[in-house]
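Notes for the one structure printed next.
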Amino acid sequence: MAEKKVAIELKNISKSFPGVKALDNVSFTVNEGECHVLVGENGAGKSTLIKCINGMYTADEGEVYVFGEKITTHNPRYMKEKGVATIHQELNPVPDLTIAENIFLGRLPQNKFKMINKKYMFSEAQRLIDELGFKYDAKALMRSLTVSDTQIIEIIKAISVNAKIIIMDEPTSSITEAEVAVLHEQVMRLKKMGIAIIYISHKLDELKVVGDRLTVLRDGHSISSHDINDLTQDEIIAKMVGRKMDNVYPEKTNKVGEPLFEVKDLSGEKFHNVNFTLHKGEILGMAGLVGAGRTETCRGIFGLDPITGGTMLLNGKEVKVSKVKDAIDNGIIYLSEDRKLEGLVLIRSICENIGLPNLKKYKGVFLNKIAERKDAEEMKTKLRIKTPTVDTPAMSLSGGNQQKVVIAKWLCKNCDILIFDEPTRGIDVGAKYEIYKIMIDLAEQGAGVIMISSELPEIIGVCDRTLVMAEGRVTGEVMREDFSQEAIMSFALGGSAANG
Ligand SMILES: Nc1ncnc2c1ncn2[C@@H]1O[C@H](COP(=O)(O)OP(=O)(O)OP(=O)(O)O)[C@@H](O)[C@H]1O
Ligand SMILES: [Mg+2]
């Protein structure tokens, strides 16, 4: 048997940003045909490390070897030529182009007249899509796709460039279980083809499914590397957080009270006749496959999308919501799943972002800045936002820490109903616990909390009851005492299974 070749080797990589040493003397090796998982808390340096590999950053110190060749030219184009493809954490599709154009972006096929060969491009893209077993139309606009679809397109794109090393930064953070299974299959297939994969994930369940080796990063250091089966999940967590964590879910201390918010026959473009009652002190789950209409329903409730029929009652009185302000004035808050588009002003500081929805609260000449800063500092500690100061612009935070700021900015406001849309996406295990705790505390204080989640374990761990949606309708309801993945999934598949 031929020895497996080393695909990538990192030697003593260090990289600093103002005020932060993001990577400190990191070394590890990935063989061809191997999936090497990289884990660590938010801000541990995972994304920075992969950018040092794919040429987006030049490391301050250390060396990168690709198939034995020492890399001296650090730019993304060169690394692509060397066979390194990256699927980034924050995707940047071009919404007004077709799926095919996005797949071929940067290398659009040309005919002999140097014109884009559209016919070839569409047929090639469609062939790829079909071959991989997906159901997209290559001519559809990217705009029409959800976050999860966009992610899958990125994967198709990486496969299509015949990359030898594929880096996936949290590829499963926004896709549902069925789609995760599809992705895992692709990873297995890539491994068989001899491709080396670096796989970053906060979903500990999947590490052993796809991974062969594992490296733990903590505060920019590579703590250790292991064969994946040499560590238990608890041992992995302990290495990541640097302490022992006994429970992944906090104790439930909230008590479900009387009805608070009733939704009757609510309809919009992508949801139909939705009925439910949210109680005081309750955490209500919304489970379902991506595309089931959960986000759309909640966007309707929050006034982001038009409602075409139905009513909403708050404490028995009808509330009319035609714009976001109406919802906020009634104490209804929606925390978006898409932090980049809706959640954050990236060039503004953490402090300003947190202050943004609370401008009223901070009225006054001098006091406001002080109060705003105090809240921001408090949130920084509570949610363990990893940043040198609260004046750091949001864009220089790691992905998971940006998500924490989105959550922080709404939590400083007093409200009765909080809708969390995939609140723990991309968030490390320690901070997840803190977010669950915040939801439970809010409910304990009498708020009604709705959590949209594609992670069944967290619905089961945190909610008192869950609705299940499929194809824009509520297809079932499961009480906490009856919770099981099977019970919930059966309703999620209630309609005919939605396509990714
Ligand atoms: N462009 C930048 N400018 C300044 N600081 C940065 C920049 N990029 C990353 N950092 C800082 O470097 C550290 C590591 O960030 P990185 O994005 O690599 O973390 P991560 O492990 O990928 O976290 P996550 O799980 O949240 O995605 C963080 O403290 C982050 O704030
Ligand atoms: Mg990251």
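Some notes on this structure:
- Projected onto planes of every orientation and averaged, the convex hull of the alpha-carbon atoms in region 1-131 covers 11.7 nm².
- Separation of the Q445 and V182 label points, Cα + 7 Å toward Cβ, nm: 4.1 nm
- Region 168-257, Cα convex hull volume normalised per residue, Å³: 138 Å³
- Enclosing the Cα atoms of the chain in their convex hull gives a volume equal to 166 cubic angstrom per residue.
- Only Lys, Arg (+1) and Asp, Glu (-1) charged, at Cβ; the chain dipole about Cα centre in debye: 1580 debye
- Cα coordinate range in region 202-335, projected on the principal axes (Å, largest first): 57, 33, 24
- When only alpha carbons are used to place a centre, region 388-418 and region 139-172 end up 27 Å from one another.
- Placing unit charges on the Cβ atoms of the charged side chains and taking the dipole of region 80-202 about its Cα centre, the candidate lying farthest along the positive direction among I198, T150, S160 is S160.
- Annotation for region 403-496: trypsin sites (Lys or Arg not before Pro) lying in DSSP loop with at most 16 further Cβ atoms inside 10 Å of their Cβ are K413.
- You can think of it this way: the chain between D338 and L97 has 84.7 nm of extra reach, that is 0.36 nm per residue less the Cα-Cα gap.
- Calculated accessible area for the chain comes out at 45 Å² per residue, all protein chains present (probe 1.4 Å; ligands, DNA, RNA ignored).
- A convex hull fitted around the alpha carbon atoms of region 85-175 yields 96 Å³ per residue.
- Charge-dipole axis of region 385-459 as Lys and Arg at +1 and Asp and Glu at -1 on Cβ define it, positive-most pick from L442, S453, L411: L411
- Surface composition of region 380-482: carbon plus sulfur atoms hold 46% of the accessible area, using a 1.4 angstrom probe and ignoring ligands, DNA and RNA.
- Simple spin-label estimate for V256 and V209 in nanometres, 7 Å along Cα-Cβ: 2.9 nm
- Net lengthening on full extension, T232/T58 (0.36 nm per residue, minus Cα-Cα): 59.2 nm
- Straight-distance crosslink candidates among lysines, where the alpha carbon sits under 23 Å from K157 and sequence neighbours closer than 8 are dropped: K46, K51, K80, K82, K114, K118, K119, K135, K139, K191, K192, K340
- Loop GluC sites (Glu not before Pro), region 1-72, which have at most 11 other Cβ atoms in a 10 Å radius of their Cβ (DSSP): E3
- Taking the protein heavy atoms of region 183-280 in the context of the full set of protein chains, the accessible area attributed to carbon and sulfur is 45 percent at 1.4 Å.
- Of F420, V248, N12, farthest towards positive along the dipole that unit charges on Lys, Arg, Asp, Glu beta carbons give the chain: N12
- For T277 and E486, the difference between the fully extended length at 0.36 nm per residue and the C-alpha to C-alpha distance is 72.9 nm.
- Long-range tail of P(r) for region 433-495 (Cα pairs > 18 Å, %): 36 percent
- Computed over region 361-492, the ratio Rg/Rh where both radii use C-alpha atoms and Rh is Kirkwood: 1.04
The values are calculated or read from the model by the stated rules, or taken from the named source; none is laboratory data. Everything quoted here is computed from the prediction, not taken from an experiment. Note: ideal-geometry Cβ built from the backbone for every residue, glycine included; neighbour counts use all protein chains shown. The accessibility values were calculated without ligands, DNA or RNA, using every heavy atom of the protein model including side chains. Shrake-Rupley method; radii C 1.70, N 1.55, O 1.52, S 1.80 Å.
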